[in-house]
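The values are calculated or read from the model by the stated rules, or taken from the named source; none is laboratory data. None of the values given here were measured: they were computed from a predicted structure. Ideal geometry is used to build each Cβ from the backbone, glycine not excepted, and the neighbour counts take in all protein chains shown.
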Amino acid sequence: MTSDVHKTAPKPQRSFVAKLVVRIPYAWLAAFFLVPFLIVLKISLSQTAIAQPPYTPVFDLAAGWRGIESFFAGLSLDNYAFLGSDPLYFLSYVKSLEIAALSTVMLLVIGYPIAYAMTRAPRRVQAVLVLLVVLPFWTSFLIRIYAWMNILQHDGPLNRLLLALDLVREPPVWLSTNTAVYIGIVYSYLPFMVLPLYATLEKLDESLLEAAADLGCPRWKAFWLVTVPLSAPGVIAGALLCFIPAVGEFVIPDLLGGSRTAMIGQTIWTEFFANKDWPIASAVAVVLVCLLVTPIVIFQHQTMRGVKRD
Amino acid sequence: MRKLSAFNLATLVIGIAFLYLPIVILIVYSFNASRLVVVWGGWSTHWYAELAGDAPLLGAAFISLRVALVAASAATVLGTLAAVALVRFGRFRGRLLFAAMIYAPLVMPEVITGLSMLLLFVAIAVDRGFWTVVIAHTTMALCFVAVIVQARLVDFDMSLEEAAMDLGASPARTFMTVTLPLILPAIAASWMLAFALSLDDLVIASFTTGPGATTLPIRIYSEVRLGVSPEMNAVCSIMVAVVGTAVVAASLLTKLSAARGGPARA
């Protein structure tokens, strides 16, 4: 039965083993990615309780119908109302979106020339360059941010350099400022921006540029009219790959940023670990996911289309 | 063939310098004899020797290695299955949700992944510790594995599999004797990357860990919050060296994989 299936194969009969290939990872992801998410949603709709764990129970199946009744009766939007009433949360979201958006623009401005220059290099060198860009990406965020703590400290290498070059009179304060957060994000996410840009630019058909040149188009104009529009998929992929995680960034603002306004990742962390207010932490997380859902869906759509096209 | 223009060359040099200079400075400072991090006191391996006597730090490093070993292995198996399902199974019921669950964790803020995992473990009343961190890391890393192996399977020369099946091999046998050996380097590479991811993770581990399972990044984080110290410079330098070696090895393996049986051979 199975041996001649592949010849016709629009709707193959799969063996038990083949079904497991789908079902095992499916079940794992459902149990440890989807279900936890639904639990966050439920807890964000629960009351805070002074107990261990600090919220009213998720689901009481033993109580049967009554349990289900009390499950729905227990749901409340109080936590969301609270988020709305305290400007701290609103400011935290705005700040996160602002920092992430501005960093993404900076990354694009810095990353595009690098990716473009990579495609101009000889083939052999390109492979090495890709590896050089990938390598720091796999070194932990924590260590790379720590490296910047070294550089940016008051009498650190950067201020010494600036003083030695006579660019400043007084050593400027870098740590605990928004500038440090931008430096940290741009530094950490640069590989995420360069790689997708490089991938699209590298596939670009050279003959299009030659055609433009033959028709008398100056090189800068050809770059603007041909290269830039054709690299749009790379720009979108890179921007999303940087923007989405940057919004929820925790390590960078925590170690490099100031304490005046927290980014949303820090707010979730504080609500959870310091204030032990799990329902509020969950509500903050749910709102964050809602904010990110559109970019995440675009990202998935792009990735899947990329895979199919290949 | 092509020559780099001065502008492009300068861009590349500055770009690479920007990426590497902070790490180089970190490593150089880790060999600084002076206790004051910013005052240069000559070369010394003093801080590395100091680390050898730091029992809690070594303990945390050992836990991190064990977590990374188990999580990377589990993630590789699950991620490879997921990649095969995505690439070779066409349209099956729930494929869209399946793909979504693979791509979403790649960009999901870690704080949310960590929080949701923790709430799951609390809801089902599991004691948090070594195994909860392993499960969390496996889930995160399996998505990366799936994407890498999937990319390899997509540009796989299908005629090799077709030949095996035409000669009467069952799909399972074809996979084991033809497909698997050819994608093995990609699988090995993704194992190493999963290992590096797990070894590096701070946020998800902080949420899902429990008493007695303090991983190395959690330990480092609690130290560096207090400021820069020479011991931390040394620990971080060692981690950079370990992860750097793993990634270079992984990329060489991927190259090997591409050289064997890619579509370019035809």
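Tabulated results
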| quantity | calculated |
| --- | --- |
| Residue in region A:288-305 that is modelled with the highest pLDDT, counting only those that are more than 11 Å from every other protein chain (Cβ to nearest Cβ) and within 17 Å of the chain's Cα centre (by Cα) | A:Cys290 |
| Residue check for B:Ala71: surrounded by 22 or more Cβ atoms within 10 Å (Cβ to Cβ), in contact with a His (Cβ under 8 Å, 6 or more places away or on another chain) and within 30 Å of B:Met158 (Cα to Cα) | no |
| Hits in region B:221-237 - residues which are part of a helix (DSSP H, G or I) and free of Cβ contacts under 8 Å to residues at least 24 places away in the same chain | B:Tyr221, B:Ser222, B:Glu223, B:Val224, B:Met232 |
| Candidates B:Leu106, B:Leu57, B:Leu120, B:Leu96 - the one that is modelled with pLDDT of 90 or more and out of contact with any strand residue (DSSP E or B) (no Cβ under 7 Å at 6 or more places or on another chain) | B:Leu120 |
| Those residues of region B:32-58 which are assigned to a strand (DSSP E or B) and touching a residue at least 60 places away in the same chain (Cβ under 8 Å), in sequence order | B:Asn32 |
| Count - residues of region A:100-113 that are modelled with pLDDT of 95 or more and either facing chain B (nearest Cβ under 7 Å) or outside any helix (DSSP H, G or I) (or both) | 0 |
| Some residue of region A:279-289 being crowded, with 22+ Cβ neighbours inside 10 Å and either free of Cβ contacts under 8 Å to residues at least 12 places away in the same chain or among the aromatic types (Phe, Trp, Tyr) (or both) | no |
| Condition broken by A:Val130, with the remaining ones in (1) buried (at least 19 other Cβ atoms within 10 Å of the Cβ); (2) under 30 Å from B:Ile148 (Cβ atoms); (3) facing chain B (nearest Cβ under 9 Å) satisfied | (1) |
| Top-ranked residue of region B:24-38 - restricted to ones that are of a type in the set (A, V, I, L, M, F, W, C) and at pLDDT 75 or above, ranked as surrounded by the fewest Cβ atoms within 10 Å (Cβ to Cβ) | B:Val24 |
| Residue check, B:Ala61 part of a helix (DSSP H, G or I) and within 12 Å of chain A (Cβ to nearest Cβ) | no |
| Tally, over region B:1-23, of residues that are in a helix (DSSP H, G or I) and surrounded by 13 or more Cβ atoms within 10 Å (Cβ to Cβ) | 14 |
| Meets criteria (part of a helix (DSSP H, G or I) and more than 8 Å from chain A (Cβ to nearest Cβ)) for B:Val77 | yes |
| Options B:Gly41, B:Gly94; residue that is touching a Ser or Thr at 6+ places or on another chain (Cβ under 6 Å) and exposed (fewer than 15 other Cβ atoms within 10 Å of the Cβ) | B:Gly41 |
| Residue in region B:204-211 that is closer than 17 Å to B:Leu78 by Cβ, polar (S, T, N, Q), in contact (Cβ under 8 Å) with a residue 24 or more places away in the chain and buried (at least 21 other Cβ atoms within 10 Å of the Cβ) present | no |
| Odd one out for B:Thr76 among (1) among the polar types (S, T, N, Q); (2) within 21 Å of A:Arg144 (Cα to Cα); (3) modelled with pLDDT of 85 or more | (2) |
| Restricting region B:188-234 to residues that are closer than 14 Å to A:Val251 by Cα and of a type in the set (Val, Ile, Thr), the residue that is farthest from the chain's Cα centre (by Cα) | B:Val224 |
| Test for A:Tyr182: is it more than 11 Å from chain B (Cβ to nearest Cβ), closer than 27 Å to A:Gly238 by Cβ, modelled with pLDDT of 85 or more and crowded, with 21+ Cβ neighbours inside 10 Å | no |
| Residue among B:Thr138, B:Thr132, B:Thr80, B:Thr76 that is over 28 Å from A:Ala237 (Cβ atoms), among the hydroxyl-bearing types (Ser, Thr, Tyr), surrounded by 18 or more Cβ atoms within 10 Å (Cβ to Cβ) and in contact (Cβ under 8 Å) with a residue 24 or more places away in the chain | B:Thr132 |
